[in-house]
Structures are given as C-alpha cells and as structure tokens.
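Everything on this sheet refers to the single structure shown next.
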Amino acid sequence: MANIVTAALLQTDWTGDKESMIVKHEEAAREAAAQGAQIICFQELFYGPYFCQVQDPEYYEYTEYIPDGPTTKRFQKLAAELNMVMVLPMYEIEQPGVYYNTAAVIDADGSYLGKFRKQHIPQVKGFWEKFYFKPGNGGYPIFDTAVGKVGVYICYDRHFPEGWRALGLNGAEIVFNPSATHRGLSEYLWSIEQPAAACANMYYVGAINRVGIEPLGENDFYGQSYFVDPRGQYVGEKGDAYKPELIVRELDMDRIKEVRDGWAFYRDRRPDAYDELVES
C-alpha cells in the first residue's frame with residue numbers, strides 16, 4: 001500500500017488586521033482538513049502584512065513569543081482538533097529588541113515540536129528585513145511529525161543551496177518554503193529554485209507565496225504556490241497568480257526512497273572536497 005501524505009498550502013492576501021487574518025487561516029485549515037489534509041503550511045509572517053516594504057518600528061508590535069504566545073497556543077488547539085500538523089510562520093520576540101522571522105511546527109496532537117529561524121536576511125528596496133529580524137541561530141532542524149520528517153526554509157533562504165542540503169542531510173522528507181515575494185526577476189527564479197532544490201536533495205518541497213498588492217507598498221505578490229516531488233516535478237498545478245487559493249495535494253512518500261536509491265546523490269557527495277565552500 002502506498003504511503004500517501006495529503007498536504008496543503010494557503011496563499012492569500014492581507015485582510016487588514018491581525019485577528020481577521022488569523023480567522024482566515026483557521027477557516028482554511030478546517031477546509032483543508034475536510035479535503036483530507038494531514039499537514040498545512042501558511043505563508044511567511046502569516047498573520048500580518050508584509051511590513052518589510054517599509055522601515056517602521058510600529059511593526060515590532062506584531063512580535064509574539066514562541067511557543068508561549070497566543071497564536072501558537074491557539075493553533076495548537078486547532079491542530080489537535082483537526083489532527084493536523086501545522087507550520088506557522090510568525091514574527092518572534094526572544095527578548096525586547098531581539099526579533100526573528102520564525103516558523104513554529106505543531107504536531108497533529110497539538111504538541112509544539114520546535115521552530116526554525118530564517119537564516120539569511122535581505123536588505124534591499126521593498127525587503128528591508130534587517131530592520132526587523134536578527135539572522136537565525138538555530139541551525140537546520142528537522143521535526144519528526146505524524147506525517148514524516150519536516151523541515152522549513154523561509155523565503156530569501158531559498159537562494160542559498162547550502163541550507164537545502166543541510167535539511168536533506170538532517171533527514172528531511174518534506175521542506176516548506178513560506179515566502180513573500182513579488183513580480184520581476186524573482187518570479188522567474190520562483191519556478192527554478194525550489195524544483196532544483198527538491199531534485200538535488202531528493203525530497204518534497206512545498207513553496208508558498210502571498211498574492212495581491214498590500215497598502216504598505218507596491219509589491220505585487222504573485223502567488224503560484226506549489227508542491228514538487230523528489231524529481232523536481234510539479235505535483236498538480238501551481239496556484240493562481242492573482243487570487244487566494246488553498247492548494248491540497250497527495251504526496252507519495254515512497255517516491256523518496258525510490259529516487260534516492262536511483263540517484264544516490266548523498267552517497268556520491270564529496271565533503272572532503274568542499275573545504276573552500278566555507279572559507280571566508
């Protein structure tokens with residue numbers, strides 16, 4: 001019998017306030033569960049606008065402690081109710097003045113498994129992230145969930161192949177890349193980088209992006225969320241380029257072993273030959 005995991009992504013637009021945004025995601029999780037989903041990942045900084053289009057300390061108010069903050073607790077209850085694994089990208093406070101772009105991972109019984117902090121932080125027009133986030137310091141953890149071994153890599157991280165490989169070496173079977181990225185050059189890269197990472201590391205990737213133009217800037221988030229398999233092939237169609245959409249797909253987890261046995265990239269790695277990669 002095939003080992004199938006039904007997985008979901010939500011790409012959506014900004015509602016205008018935090019509470020209605022959280023409610024929208026709760027409703028989407030319930031709809032995903034009704035479609036058989038066992039795991040869902042939301043978009044980067046899911047309960048807020050993408051405030052990094054501007055540099056304004058008022059948006060520090062979107063921070064929450066993880067796991068002791070209200071949103072983590074709220075979704076722990078929902079995860080247990082729906083028997084669903086949840087990946088929750090949020091704005092984390094460690095202490096006043098120390099903030100991270102973080103994803104919490106909740107198991108299907110509602111237990112908190114841990115978090116990933118975004119490692120690579122951009123600072124260019126429209127993506128003023130160094131104003132808001134400290135670079136992640138927690139490595140590349142893998143979360144042993146009810147549906148398999150899950151990793152997270154957030155938005156700008158996807159441009160750096162080293163983290164994708166670290167997640168694979170740490171045992172990832174599904175890696176989620178929640179994002180907030182807009183039209184232009186990055187739209188072209190969107191269709192290349194995650195499929196390339198999936199096939200180079202022989203695991204599933206779920207790529208999530210926002211949609212629409214938010215009041216804080218002119219960034220036009222282009223959606224097109226998708227899953228790719230360990231061969232880098234799309235699982236079903238991409239999400240809409242303009243409209244909110246719940247993406248639910250069946251992932252055949254047996255394909256991971258099949259592809260790894262065939263390609264054997266991990267066997268043929270040469271870490272002894274890569275010293276120059278980490279020389280400053």
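The values are calculated or read from the model by the stated rules, or taken from the named source; none is laboratory data. Note that the structure is a prediction, hence the values are computed from the model and not measured. No Cβ is skipped: glycine too gets one built from the backbone with ideal geometry, and neighbour counts run over all protein chains shown.
Six or more apart or on different chains, Cβ atoms under 8 Å: show the pairs whose first residue is in segment 258-271 and in contact (Cβ under 8 Å) with a residue 40 or more places away in the chain and whose second is part of a loop (DSSP other than H, G, I, E, B) and among the hydrophobic types (A, V, I, L, M, F, W, C).
Listed by first residue and then by second, the contacts come to 259/202; 260/202; 263/202; 265/202; 266/202.
Can you tell me which residues in segment 109-140 are at positive phi and part of a strand (DSSP E or B)?
114
Among the residues of segment 84-101, which ones are in a strand (DSSP E or B) and either touching a Leu at 6+ places or on another chain (Cβ under 9 Å) or modelled with pLDDT under 95 (or both)?
85, 86, 89, 90, 91, 101
Determine if segment 84-93 includes at least one residue that is in contact with a Lys or Arg (Cβ under 9 Å, 6 or more places away or on another chain) and surrounded by fewer than 21 Cβ atoms within 10 Å (Cβ to Cβ).
Within segment 84-93, not a single residue is in contact with a Lys or Arg (Cβ under 9 Å, 6 or more places away or on another chain) and surrounded by fewer than 21 Cβ atoms within 10 Å (Cβ to Cβ).
Which pairs turn up if I take residues in segment 44-71 that are touching a residue at least 24 places away in the same chain (Cβ under 8 Å) and surrounded by 17 or more Cβ atoms within 10 Å (Cβ to Cβ) and look for partners that are assigned to a strand (DSSP E or B) and basic (Lys, Arg) with beta carbon separation below 8 Å, at least 6 apart in sequence or on another chain?
66/115; 67/115
Can you name the residue in segment 183-218 that is acidic (Asp, Glu) and not in a helix (DSSP H, G or I) and is also nearest to the chain's Cα centre (by Cα) among such residues?
Filtering segment 183-218 for residues that are acidic (Asp, Glu) and not in a helix (DSSP H, G or I), the one nearest to the chain's Cα centre (by Cα) comes out as 214.
Enumerate the pairs (first residue in segment 233-251 and closer than 7 Å to residue 223 by Cα; second residue anywhere and buried (at least 16 other Cβ atoms within 10 Å of the Cβ) and of a type in the set (Asp, Glu)) with beta-carbon separation below 8 Å, excluding pairs fewer than 6 apart on the same chain, so at least 6 apart or on different chains.
239/245
Identify the residue in segment 231-280 that is outside any helix (DSSP H, G or I) and among the basic types (Lys, Arg) and, among all such residues, is farthest from residue 149 (Cα to Cα).
Restricting to residues being outside any helix (DSSP H, G or I) and among the basic types (Lys, Arg), the top hit is 243.
Only residues that are acidic (Asp, Glu) and touching a strand residue (DSSP E or B) at 6+ places or on another chain (Cβ under 7 Å): list them for segment 76-122, please.
Once the filter is applied, which keeps residues that are acidic (Asp, Glu) and touching a strand residue (DSSP E or B) at 6+ places or on another chain (Cβ under 7 Å), segment 76-122 yields 92, 94, 107.
Residues 220, 268, 272: which one is surrounded by fewer than 20 Cβ atoms within 10 Å (Cβ to Cβ), among the acidic types (Asp, Glu) and modelled with pLDDT of 95 or more?
After ruling out the rest, the residue left standing is 268.
Could you check segment 164-194 and list, in sequence order, the residues that are closer than 30 Å to residue 111 by Cα, of a type in the set (Gly, Ala, Ser) and surrounded by fewer than 23 Cβ atoms within 10 Å (Cβ to Cβ)?
Listed by number, the residues that qualify are 166, 171.
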